[in-house]
Structure formats: structure tokens, C-alpha cells
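The values are calculated or read from the model by the stated rules, or taken from the named source; none is laboratory data. Predicted, not measured: the structure shown is a model, and the values here were computed from it. Here the Cβ positions follow ideal geometry from the backbone for every residue, glycine too, while neighbour counts run over all protein chains shown.
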Amino acid sequence: MDAFLTPLFTGISIGSVLLLAALGLTLTFGQMGVINMAHGEFIMAGAYTAFLVQAIVPDDLSLLVALPVGFVVGGLMGLLLEATVIRWMYHRPLDTLLVTFGVGLILQQLARDIFGAPAKQVRSPGWLSGQVDILGYQWPVSRLFITALALVAVGLLTAALTYSSLGRSIRATVQNRDLAETLGVSTRRADRTTFFIGSGLAGIAGVVLTLVGSTGPNLGTSYIIDVFLVVVAGGIGQIRGTVIAAFGLGIVQSFLVQATNGSVAKALIFVLIFLFLQVRPQGLFAVRTRSLV
Amino acid sequence: MNRSTLSRVSAPAWRNAAGIALIAVLLFAVAPAVLSPFRLDLLAKYLCWAIVAVGIGLAWGRGGMLVLGQGVFFGLGAYAMAFHLKLEQAGPGGVPDFMGLYAGGQMPGWWEPFRSGPFTLLVILVLPPLVAAIVGYAVLKRRVKGAYFAILSQALAAAFAILLIGQIKVTGGFNGLNNFTTFFGYNLFLPENRLMLFQICSTILVLSLVLMALLYTSRFGELLIASRDAEERVRFLGTDPANVKLVAFVIAAFLAGIGGAMFVPVVGIVSPSNVDAVASIGLIAGAALGGRAALFGPAVGAVAVGFAQSRLSETFPGAWSYFQGALFVFIILLLPGGLASLTEKIGGLRRRRSPARPTQVEVAA
């Protein structure tokens, strides 16, 4: 039983982290056809935010403070990136990839210069230190917290996109930018909002990542490709696809790690996604209304 | 993609020939005369990148495929060469030194053929294009393109690097392979042999430029640009653009493999950090700077980027990251055609007098 449950639970918690990180990316990717490689560095910024917040706020509260602060920090970085670089590059998705990769390099070096190259450790709050018994398996509370948080984020985002007027204008912009504009939707405002929320989610992902690992300048680089694969496999701009792909990738990966080893599992995952895209080139769920160049 | 920023017709043949002749003179006559052996060695390293960049120019500049996984093909060529050089160093029947450290002195059987020089050369010339053909066929035939293609090729590089790090017993893991002493019997420490390496790299680069000049002016070159700018129309006219792109992708991989193979004796080390996703994107930098669609842009840009990297990391460690980052932002944002498009732009501005916006021609997906 353990041979099945252990990788399953590990996979779910890997998937939750991937989900948090991919949720923001799929939003910005789907919205504007912008491939934001600096998304990984926004995650890193969120992690450093948690580290800094901890220096001021007592341990038990610091995580709860860091989550909204991380959201705002990531969001503001996203807004800044959108305003300075990305707004000039709509409809050039491949070029945005390279430009934001450049921005990511700069942010990484900035982090290295400010915080130093060695990884920083963020202490988990006491109330997350226990373990919970699920199906006879001791499961860390911190992992459950991450999963819950990821699901809450999905719920809130879905609700905001479905029911708020802002969400409606975002969806209208995704589906048909020109028509939305004709109907009086401010697509500029929709773009900026999307980027703020999407990048903010990266910040939250970063804060959460401090619960499972240490914080270093390369944090973003180590996650970004997995996150991109989740977005691509799920179908760009599709939240339900992203949820399924994130958990799917996390679970399959942890089973593969158990069956082989870390590096072979990584290569196999790539092969699997590759084969999957042979069957469904547009991911699990395709956006039919607009095509990416 | 903004069509007006990338060249659509090739330069006249005499200009290509003159340019290649000039580069050949610079590489074979001028560089050895004016550069110290140390600088010449560095230039040889940049030339290896330039060979890769020429291929990137074909696939990305002309074919519109953002190839972020060239590190894989570079790595296949490099590691094949490194296997041979390690075995050469170990001597007949010997086992490479690092295997004593990680693998208890046991050498896997599939290493044995790499003792043979001709076999190694065959692997270097055949394996990267073969892998590219398989991967490219699967991806391009399914019409995976644009962003998906870029992300997949990048993930390929990441998976490859992780695999190399994981298989420490045969690849030296994170540290890679180094401490080579000979190159097909030639002592790697003798100055005349270093010069020979430089000349080999120069020859390969000049030959690859000749190949590109011929390709670009051929019907294939026109079809490739057509596939980049109006894929659907090419399809309607009865040619499968996937085939055209596939050929370009395979040639790019072929050049990347050769560049990687020469990198090993020239630099003396190959490690996963030379082939991973970040290194793969780094290979793009040269082509972007010089001008991805121009004949000489990628090669010249790659040498310039290599030179800047050495200079900047010699003087200010850490500054290189800022520079490389800024390079991507400014070149792609402001000058997508690279330095090669600068003359055209200046001419265009002068003609029009008013700095009007260039016409944005969107490509129908």
C-alpha cells in the first residue's frame, strides 16, 4: 500500500506547487500570447519576500503576512514588466520569450548581488509542523496546506474570471481582442490586470516554495520549464487543463522517480509529454478562438 | 513576427562570395598574425559557437523556428568527441580516469566503439541530425510550431542536461569530462596543434557559410522563408512546409553537433552547463545580435558575444549576466533584425525623413 500511497501523496504535493506556479503563467500566456520566462524569477522574488518578511514578523505569523505581500510584490513586478517591455511586443510571442528570458537573467543576477549566491532558509511556522494521519500514512501538515492553498487559488481565480465584470472583460479579451475592444472593453486595462494577477500568483507560489525547499537565485530556473510543460500540456489559457496537467505531471513524475531515479524520470516525463502532444498538439483543452503564431 | 524587420530576399551572389572571402582572409591570414596564442585559442572557442549560430540562423532566422534546444545537439557532438578523447588518453585497453572514481573502474560496453576515431567522427556527423530528424518529424509534422515548438525544444535541453548529470558513471555528472591530452594523436598542449585546431574551426565555419550562401539562394531557401512567413500558402501551393522546416532543423542540428565536437578539444572541458536550457538560449544570443536572418549575422554575432563574455567576466564577474540580459531585451525589443538590419534601418530613415513606425505586417497563423 505504501508503495502506492507515498508517491501518490508526493505527486499531489509536487502538483500543487506546479499548479500555483502554472496558474499565473497560463493566465498571462493565454491572455496576450506572451511567454513570460521571467515568471520563474517572480517566483524567486516571492520566496525572497517570505525570507524578508520573516525578519520583521514573528515566525508563527510571517507566512500569513508573506502570502499577500508576496502576491503584491510579484504583481507589481509583473505590472512593471508589462509597462516597460511587454506592451510593445504583443503578437510577437517568440520574441517575448527571449526578452523576458533576458529580464530573468538580470533579476537572477540582481538577487545574487543583493542576497548572495548561497541559498537562504525560511523557517516554517509552528502550526504547520505537525503531521496528519491519512489512510494510515503520516502526512506533513505543510504539504496539505500547500494543496489547500493551490485549490483555493484555483477557486478564487475561476470565480473572479466567471462572475466579476473585470473577469468578463479579461475573458472577452482572451477570446477576441478586437471584438472586445469594439464593444468597449478596455483591453489595456484587462492586460494590466491579468499581468498583475498572474505575476502575483507567481509571488504566492514563491512564498509557498519556501515551505518545501530553500531559497536561492536559481529557484525560478529550476521550476520554469516544468511549469511551462504543465501549461502546454494543459492547453494554454485553460485553467481546468492546467489543474489536471499539474497534478498529472506531479503524480506521474513521483511514480517514475520511485520506479527509476530522478534524472531518468525527468527525461521520461519529457518523452511522455512529447508523445501526448503527438495526440493532442494543442494540449488537453484547446483554445479554439485564437491561434498562437 | 514583423516581416519588415527580417530580410526576405537574399543578397546578390557576388556580395555573399566577397563576404565569405573576407572572413576567410581574416581567419586564416590576419588572426594568426595579430593574436597571441591565448587569444587565438579563445577565438577558436567563439568559432565553435559561430558554427552553431550559423545553423540557428537557418532554423530561426530563415525558418522561423526558435530553436532553444541546440544545446542537445551541441552536447551530443561534444560528448561523443569527449568519449573518444578520454579513451585516447586512457590508451589501448585502458579505462578513463573518472570512471575509477565513480564507476569502480568499470567501463560500459557501449563505450568500446568510441576508441575508434572514424566511428566517433561518424557519430558526431550522424547522431545529432538523426535525433533532430526524429524529434523534428514528430513535432513539425504535427504542426507544433511557434511557442509550443520553442518550449518543447527548451524542455528537451533541460531533460538532456538532467540526464547527463544523473548518469555520472558515464558522463562525469555535473563536472562533465575534462583533462584531455591528445586529439587524434596530436598533443593538445603544443602551440602548432592549437593553431591547427583553430584552422579546423575556421575551415568548418567558412564551409558552413558557403553552404548557407548556396542554400539561401536556392529554391529551398525561398521555400523556407515562405514557410516562415506564410505557412498556409505554401501548403496550398502543394509543398508541405513541415518537410522544408525539417530539413532546416536537421541541418542546424548537424552544425550544432560539429560545433560541439570541436568545442571539446579547443576548450578542454564539456559539462552539462554547456548544454542545458540556459546555455541553449545563450547560443541564440549571437544570432540575435548579429541578425538572425542575415547570412553573416549569426556567425559574426556569436563571435562578438563570445568576445564580450570573456572580456566582461575577466573584468567584472557577474556583469556578464546583466549584459546578456540587457542584450536580449534591447536587441529583440528595438532591433529584431540584429545589427545586420541597422544599415537598412538607417537608410530607410534617411529616405523617409520622418521616423515613421515601420509597417507592422502580421503573419496569419
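Taken over region B:227-236, the criterion of being buried (at least 16 other Cβ atoms within 10 Å of the Cβ), touching a residue at least 12 places away in the same chain (Cβ under 8 Å) and in a helix (DSSP H, G or I) is satisfied by B:SER227, B:ARG228, B:ASP229, B:GLU231.
Residues in region B:206-240 that are touching a Gly at 6+ places or on another chain (Cβ under 9 Å) and either at pLDDT below 95 or among the hydrophobic types (A, V, I, L, M, F, W, C) (or both): B:LEU209, B:MET212, B:ALA213, B:LEU214, B:LEU215, B:LEU224, B:ILE225, B:SER227, B:ARG228, B:ASP229, B:GLU231. Within region B:153-176, the set of residues being crowded, with 24+ Cβ neighbours inside 10 Å and in contact with a helix residue (DSSP H, G or I) (Cβ under 7 Å, 6 or more places away or on another chain) comprises B:GLN154, B:LEU156, B:ALA157, B:ALA158, B:ALA159, B:PHE160, B:ALA161, B:LEU164, B:GLY172. Taken over region B:134-152, the criterion of being within 20 Å of A:ALA267 (Cβ to Cβ), of a type outside the set (Phe, Trp, Tyr) and surrounded by fewer than 16 Cβ atoms within 10 Å (Cβ to Cβ) is satisfied by B:ILE134, B:ALA138.
Based on this model, can you work out whether A:VAL231 counts as at pLDDT 85 or above, buried (at least 22 other Cβ atoms within 10 Å of the Cβ) and within 11 Å of chain B (Cβ to nearest Cβ)? Yes.
Of the residues B:ALA365, B:ALA356, B:ALA308, the single one that is at pLDDT below 65 and away from chain A (no Cβ under 11 Å) is B:ALA356. Only a single item in (1) within 20 Å of B:LEU333 (Cα to Cα); (2) more than 14 Å from chain B (Cβ to nearest Cβ); (3) touching a Ser or Thr at 6+ places or on another chain (Cβ under 6 Å) is not met by A:LEU79, and it is number (3). Across region A:32-49, the qualifying residues are those that are in a loop (DSSP other than H, G, I, E, B) and among the small types (Gly, Ala, Ser), and the one among them that is surrounded by the fewest Cβ atoms within 10 Å (Cβ to Cβ) is A:GLY33.
For region A:89-110, state whether one or more residues are small (Gly, Ala, Ser) and under 30 Å from A:ILE251 (Cα atoms).
Yes, there is a match, as at least one residue in region A:89-110 is small (Gly, Ala, Ser) and under 30 Å from A:ILE251 (Cα atoms).
Among the helices (runs of 4 or more DSSP H) confined to region B:106-212, the ones with at least 3 residues that are touching a residue at least 40 places away in the same chain (Cβ under 8 Å) and within 30 Å of B:ALA29 (Cα to Cα) are located at B:117-141.
Checked against (1) within 23 Å of A:ILE86 (Cβ to Cβ); (2) in a helix (DSSP H, G or I); (3) more than 10 Å from every other protein chain (Cβ to nearest Cβ), B:ARG292 passes all but a single condition, namely (2). Only a single item in (1) at pLDDT 85 or above; (2) within 14 Å of chain B (Cβ to nearest Cβ) is not met by A:HIS91, and it is number (1). The residue list A:ARG143, A:ARG123 contains one member that is away from chain B (no Cβ under 14 Å), basic (Lys, Arg) and in a helix (DSSP H, G or I), which is A:ARG143. Restricting to region A:213-228, and then to whatever is of a type in the set (Gly, Ala, Ser) and part of a loop (DSSP other than H, G, I, E, B), can you tell me which residue is surrounded by the most Cβ atoms within 10 Å (Cβ to Cβ)? Selected residue: A:GLY216.
Each row is one residue, and each column tells you yes or no for (1) more than 10 Å from chain A (Cβ to nearest Cβ); (2) touching a Leu at 6+ places or on another chain (Cβ under 7 Å); (3) of a type outside the set (Lys, Arg).
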| residue | (1), (2), (3) |
| --- | --- |
| B:GLY109 | yes, no, yes |
| B:PRO118 | yes, no, yes |
| B:LEU121 | yes, no, yes |
| B:LEU127 | yes, yes, yes |
| B:ALA138 | no, no, yes |
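Taking the criterion of being at pLDDT below 75 and surrounded by 18 or more Cβ atoms within 10 Å (Cβ to Cβ), the residues of region A:268-283 that qualify are A:GLN282, A:GLY283. Looking at the structure I just gave you, is B:LEU68 more than 14 Å from chain A (Cβ to nearest Cβ), at pLDDT 90 or above and either farther than 30 Å from B:LYS245 by Cβ or buried (at least 24 other Cβ atoms within 10 Å of the Cβ) (or both)? Answer is no for this residue.
When A:VAL85 is tested against (1) in contact (Cβ under 8 Å) with a residue 24 or more places away in the chain; (2) within 14 Å of chain B (Cβ to nearest Cβ), just one condition goes unmet, and that condition is (1). The condition of being touching a Gly at 6+ places or on another chain (Cβ under 8 Å) and not in a strand (DSSP E or B) does not hold for A:ALA180. Scanning region B:108-122 for residues that are out of contact with any Ser or Thr (no Cβ under 6 Å at 6 or more places or on another chain) and within 15 Å of B:THR171 (Cβ to Cβ), we see that the one that is surrounded by the most Cβ atoms within 10 Å (Cβ to Cβ) is B:TRP111. Checking B:PHE98, B:PHE83 one by one, the residue that is away from chain A (no Cβ under 14 Å) and within 28 Å of B:VAL206 (Cα to Cα) is B:PHE83 and no other.
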